[in-house]
Structure formats: C-alpha cells, structure tokens
Amino acid sequence: MAILIDETKRVLIQGMTGREGLARTKLMVGYGTHVVAGVTPGRGGESVEAIPVFDTVEEAWEHTGPIDISVLFIPAPLVKSAALEAIDAGVKLLVIVPDRVPIHDVLTIAQRAQTMGARFIGPNTLGVLSPDRAVLGMMGGRAASARSWFFQGPVGISSRSGGITSSMAYYLAREGIGATTLVHVGGDAVVGMPHPDVMLEFERDAETKAVVMFGEIGTSQEERVADLIEAGAFTKPLVAYIGGKAAKQGTRFSHAGAIVEGGRGAHEGKVARLREVGATVVESFMELPAATKDVLARIG
C-alpha cells in the first residue's frame, strides 16, 4: 500500500503543454504514473507523450473517464480558476505545484474543496512519490533518478521542504530503509494538507510502520501533530527534525510559512511539545537515519 498516489490512480495534468508541464509529464509517465489526460485551454486536440490534451477538465473527464487526481503546473495568478475547475468537475485530490499563489486564492480553493469533499496538497510543493509505484509533481526530477534514489519500505516521509523530502528518503535508503510514500506538504503559510493530515493518512496505511517528519519554525503544524499523538489519533512512532533553531522572532527561514512572530511557531516550543508526547526529535538532520533505524529495531 501507499498513501495518496499509486499506479492505479488516474491522473490529469493541468498546464501539460507549458515548459514545466512538458518536463514533469515526462517524469510522471516515465515513472509509471497513470496519466490519462492533460488540459491547456486552446490546445485541445494536441498530445504530449501520447497523452491527449483537452481544453477543459470537463472535456478530459468526458473523453477519458473519471479522474482521481489533478496536478497543476499553472502560473500562480491562474491557479485559483484552474483548481476550482478541477474540483467542480469532480476531481478529489489536487497537487498545486506553483509557489506565490495568493493566500486569499488558497483560502477560496480550500473552501470549495471542503464543500465538494476534495483535498489538495500545496501550494509550493514538489509533490508526492510512492516508490516504484507513481509520482505526482516533480519529486526526483527525472524518472531514472527517482528509481535509483528511492525504494519501497516501512517508513512514511512528510516534510515542509521539497529538497529535504528527497534528501530524507535518499539518506534513509543509504541505510537500507525504504519508504511507503514521500509527501512534501508545501512551504507556504497556508497549505491544503499540512503535517497532521498526512499523519492521519499514514496512520491508516498498513505498510507504514513509522514516520519521519521534517518540520520548521512557523505555523502550528508540528504542535498539532503532537496533539494527535496525545489524543491517540496517531499511534505510530515518529522521528522528527525541526529546522530553524537559530532563527529569531520576525525571521523568515527558507519558506513563506517558516517565520516566528509574536512568540508563536518557535523551534524550542515545537521540539518540547513533540518530545513531551513521546516523539523522537533529533538535533541534526544527519541523525535521522540512525534514529529511524533504532526506532524500527525497537518495533521489530
């Protein structure tokens, strides 16, 4: 099993004929993702990697059948209209890759998604990858790289940094530890599926025995994960590293969502809260593989 994406999910790419869309279609198809259609207004009738392109999501659905997931490679100012189009057509999971999407637009997408029973990952995400099954977005860069870096195993990975998502999986793999699914939740202050939502997905996945999480200063995502653990809603071992230890109040650390303001979202508070509920929190990124190996050994 895996969460969010596997080889059976039917995937649409919005913005398929753009520069990023073309490159990432090649990655996804090459890795085995079941891409059934693309959408670019005004480019209907064309094809990319032998996959038909349509003018609208509704047309794509009508001609190719039900669509499970849409991946958006759309300029930030147009993301809202493209996302709402996909949600209204019946797509239940969106991966919104672009950054700089206005927060008001993200909130509008979130409201429509809730109304329609849909979810979204991002914005500002590299996507999701289930090793040897499928990839959404741009995780791994190229199909050959993704195959060589990642392999299946018992650990779920959730991260607020795209590069660190891949790095965690890569260094775990070097220690012989494979992954069920890699999830980059997105680097913005408001994202569709933050860490707590991803933890609940891993909780339901029988193959995931433990989770490795990269957190950052800013927002309350990590504290909310601790709340889930305390409430018994997330019961699997968690290994975490929290970036931004040296950041002062008002400092932005790497991502738009990583900023300490008014004493909220500080490194010390996140670490203390996670340790309080029994999570393993390491002091440096490179301690993650050994800590994860120890946790897996303890649970057999």
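The values are calculated or read from the model by the stated rules, or taken from the named source; none is laboratory data. Here the structure is a predicted model, which means the values were calculated and not measured. So basically every Cβ, Gly included, is an ideal-geometry build from the backbone, and we count neighbours across all protein chains shown.
Please go through the stretch 171-183 and pick out each residue that is over 18 Å from Ala240 (Cβ atoms) and either surrounded by 17 or more Cβ atoms within 10 Å (Cβ to Cβ) or in contact with a Phe, Trp or Tyr (Cβ under 9 Å, 6 or more places away or on another chain) (or both).
Of everything in the stretch 171-183, those that are over 18 Å from Ala240 (Cβ atoms) and either surrounded by 17 or more Cβ atoms within 10 Å (Cβ to Cβ) or in contact with a Phe, Trp or Tyr (Cβ under 9 Å, 6 or more places away or on another chain) (or both) turn out to be Ala173, Gly178.
Residue by residue through the stretch 96-135, note down the ones that are in a strand (DSSP E or B) and in contact with a Phe, Trp or Tyr (Cβ under 7 Å, 6 or more places away or on another chain).
Ile96, Leu129, Ala134, Val135 - these are the residues of the stretch 96-135 that are in a strand (DSSP E or B) and in contact with a Phe, Trp or Tyr (Cβ under 7 Å, 6 or more places away or on another chain).
Conditions: (1) in the same structural domain as Leu107 (by TED's automatic domain parsing); (2) outside any helix (DSSP H, G or I). Leu84 meets all but one. Number of the miss?
Evaluating Leu84 over (1) in the same structural domain as Leu107 (by TED's automatic domain parsing); (2) outside any helix (DSSP H, G or I) leaves (2) as the failure.
Of the numbered conditions (1) crowded, with 16+ Cβ neighbours inside 10 Å; (2) within 19 Å of Ala23 (Cα to Cα); (3) at pLDDT below 95, Gly163 satisfies every one except a single condition; which is it?
(1)
Among strands (runs of 3 or more DSSP E) lying entirely in the stretch 1-77, which contain 2 or more residues that are crowded, with 16+ Cβ neighbours inside 10 Å and free of Cβ contacts under 8 Å to residues at least 24 places away in the same chain?
Hits in the stretch 1-77: 51-54.
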